[in-house]
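**Student:** The following block contains the structure, expressed as structure tokens.
The values are calculated or read from the model by the stated rules, or taken from the named source; none is laboratory data. Note that the structure is predicted; figures quoted are calculated from it, not measured. Counting neighbours? That spans all protein chains shown, and the Cβs are built from the backbone with ideal geometry, glycine included. Each accessible area value is taken on the protein alone, full model and side chains, heavy atoms only, with ligands, DNA and RNA left out. Shrake-Rupley method; radii C 1.70, N 1.55, O 1.52, S 1.80 Å.
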Amino acid sequence: METTTLKIPVERTKQSKIDQVDFDNLNFGSVFTDHMLVCNFRNGAWEIPEIMPYQAISLEPSAKIFHYGQSIFEGMKAYKDVDEKIWLFRPLDNFKRLNISADRMAIPELPEEYFMEGLKQLVRLDSEWIPQAAGSSLYIRPFMFASGKGFHASPADEYKFIICLAPSGSYFSGKVKVLIEETYSRAANGGVGYAKAGGNYAGQFYPTQLAVKKGYNQVIWTDDNSHEYIEEAGAMNIFARIGDTLITAPTSDRILDGITRKSILEIAEDEGIRTEVRKLSVTEIVSAAKDGSLKELFGAGTAAVISPIAGFGYKKVDYELPEITDSFAALFKKRITDIQYNRSADKFGWRYEVK
Ligand code: PLP
Ligand code: COI
């Protein structure tokens with residue numbers, strides 16, 4: 001039996017909204033469960049979290065989140081297996097990354113117990129909301145932001161840590177076509193690219209809108225200095241398969257250290273697939289696309305899972321990727337989701353049961 005000393009007060013909703021949800025036709029992250037977890041940082045310390053009905057929160061107009069963007073988040077999922085057991089995937093890695101992001105954005109670190117116990121108790125309480133249709137799951141959004149007030153451009157004295165849950169279907173619908181970016185940058189050396197800071201995403205919206213107008217779904221970011229090396233996509237790390245070698249960029253202070261990315265690298269090693277973690281130039285991708293050795297490009301992330309890229313644009317030329325059987329993307333997707341949904345053994349110890 002699990003023992004915990006942390007007592008999280010719970011105020012249950014008076015009226016569940018679950019009957020209003022069409023669980024067979026879920027979008028990504030647009031309906032929310034009955035409850036949320038809220039934890040306040042006040043007077044120099046994180047207070048005991050509380051679970052309450054999902055509701056609007058009230059903030060002063062001078063709260064620093066609105067002015068200086070001190071805000072970070074995480075993305076995770078809960079899965080339900082055929083026996084109705086509930087599973088998380090590598091949750092401690094999300095916790096650790098949350099605090100890495102917090103440090104970079106001068107937000108006070110959260111204690112592990114508040115994150116893990118809060119998460120488990122909230123997911124357990126709203127476990128009826130975990131969808132079981134193929135490809136769907138309960139998306140978990142932990143986030144933290146500066147609720148303290150004042151126009152002085154310095155860290156706030158109060159913060160909120162909140163977890164909300166959203167039963168979700170797939171992130172992308174249809175084929176993913178990407179534009180390799182030549183002008184704008186997502187992140188810079190010494191910047192906040194490795195943190196899951198809200199502003200990293202806001203900064204991508206405009207260049208992504210330009211790409212969408214040209215018929216692409218996503219931008220693939222290149223390094224801010226030369227725009228010559230592939231970095232990552234808006235919400236995914238990127239892998240290329242050239243011949244039978246799997247290549248991905250090394251993480252750096254510009255790239256998010258994705259949990260799906262590192263899981264794929266471990267599975268690849270287990271499968272005996274040759275991997276190279278190294279700088280990957282656009283020139284190499286384009287010449288591999290031209291000579292036919294570029295067999296696959298795919299993105300990897302919690303929300304997107306593993307999303308094959310059907311084609312990419314670069315310098316006004318479009319390149320299509322071949323449809324292949326025995327794709328690495330399909331293999332990795334199967335191995336990861338089999339572990340996540342408890343359909344296979346978990347030799348890496350990644351699955352985490354919420355009892
Ligand atoms: N890169 C960015 C910018 C992301 O937002 C995400 C999503 O979380 C990823 C990569 C993939 O990370 P993970 O696999 O941990 O979800
Ligand atoms: C995730 O994959 O969980 C993310 O955080 C990406 C998000 C921008 C949808």
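**Student:** Of all residues in the range 305-326 being closer than 13 Å to S173 by Cα and open to solvent by 30 Å² or more (accessible area, probe 1.4 Å), which is nearest to the chain's Cα centre (by Cα)?
**Tutor:** V305
**Student:** Okay, next question. W221 versus (1) away from ligand 1 (no atom under 13 Å from the Cβ); (2) open to solvent by less than 40 Å² (accessible area, probe 1.4 Å); (3) part of a strand (DSSP E or B): which is the lone unmet condition?
**Tutor:** Tallying (1) away from ligand 1 (no atom under 13 Å from the Cβ); (2) open to solvent by less than 40 Å² (accessible area, probe 1.4 Å); (3) part of a strand (DSSP E or B), W221 fails exactly one: (1).
**Student:** Let me ask something else about it. Determine which member of the set V176, V212 is open to solvent by 10 Å² or more (accessible area, probe 1.4 Å) and away from ligand 2 (no atom under 13 Å from the Cβ).
**Tutor:** Working: V176 fails: open to solvent by 10 Å² or more (accessible area, probe 1.4 Å).
Exactly one residue qualifies, and that residue is V212.
**Student:** Spot the failing condition for K333; the list is (1) open to solvent by 60 Å² or more (accessible area, probe 1.4 Å); (2) away from ligand 2 (no atom under 16 Å from the Cβ), and only one is missed.
**Tutor:** Answer for K333: the failing condition is (2).
**Student:** Report yes if I230 is assigned to a strand (DSSP E or B) and outside the structural domain of L265 (by TED's automatic domain parsing), otherwise no. I'd like the intermediate steps shown before the answer.
**Tutor:** Values: assigned to a strand (DSSP E or B): yes; outside the structural domain of L265 (by TED's automatic domain parsing): no.
The answer is no for I230.
**Student:** Got at least one residue in the range 22-36 being part of a loop (DSSP other than H, G, I, E, B), free of Cβ contacts under 8 Å to residues at least 40 places away in the same chain, in the same structural domain as P142 (by TED's automatic domain parsing) and not aliphatic (A, V, I, L, M)?
**Tutor:** If we filter the range 22-36 for residues that are part of a loop (DSSP other than H, G, I, E, B), which is where we start, we get 22-34.
Among the residues that remain, those that are also free of Cβ contacts under 8 Å to residues at least 40 places away in the same chain are: 22.
Those still in the list that are in the same structural domain as P142 (by TED's automatic domain parsing) too: 22.
Filter again for not aliphatic (A, V, I, L, M), leaving 22.
Yes, because at least one residue in the range 22-36 is part of a loop (DSSP other than H, G, I, E, B), free of Cβ contacts under 8 Å to residues at least 40 places away in the same chain, in the same structural domain as P142 (by TED's automatic domain parsing) and not aliphatic (A, V, I, L, M).
**Student:** For the range 89-103, how many residues meet the condition of being assigned to a helix (DSSP H, G or I), charged (D, E, K, R) and under 18 Å from the mean Cα position of the chain (by Cα)?
**Tutor:** 3
**Student:** Sticking with this one: Name, by its number, the condition in (1) under 26 Å from D318 (Cβ atoms); (2) of a type in the set (G, A, S); (3) open to solvent by less than 40 Å² (accessible area, probe 1.4 Å) that does not hold for A195.
**Tutor:** Of everything listed in (1) under 26 Å from D318 (Cβ atoms); (2) of a type in the set (G, A, S); (3) open to solvent by less than 40 Å² (accessible area, probe 1.4 Å), A195 misses just condition (1).
**Student:** May I pose another question? Could you list, in sequence order, the residues of the range 198-227 that are over 20 Å from the mean Cα position of the chain (by Cα) and closer than 17 Å to Y319 by Cα?
**Tutor:** Result: A211, V212, K214, G215, Y216.
**Student:** Let me ask you something else. Would the range 115-137 turn up any residue that is in contact with a Gly (Cβ under 6 Å, 6 or more places away or on another chain), open to solvent by less than 20 Å² (accessible area, probe 1.4 Å) and part of a loop (DSSP other than H, G, I, E, B)?
**Tutor:** Looking only at the range 115-137, we keep the residues that are in contact with a Gly (Cβ under 6 Å, 6 or more places away or on another chain), and these are 136.
Going one step further and asking which of them are open to solvent by less than 20 Å² (accessible area, probe 1.4 Å), we end up with 136.
Subset that is part of a loop (DSSP other than H, G, I, E, B): 136.
There is at least one residue in the range 115-137 that is in contact with a Gly (Cβ under 6 Å, 6 or more places away or on another chain), open to solvent by less than 20 Å² (accessible area, probe 1.4 Å) and part of a loop (DSSP other than H, G, I, E, B).
**Student:** Assigned to a helix (DSSP H, G or I) and loosely packed, with under 14 Cβ neighbours inside 10 Å: which single residue out of E276, E269, E284 fits that description?
**Tutor:** Answer to the selection: E269.
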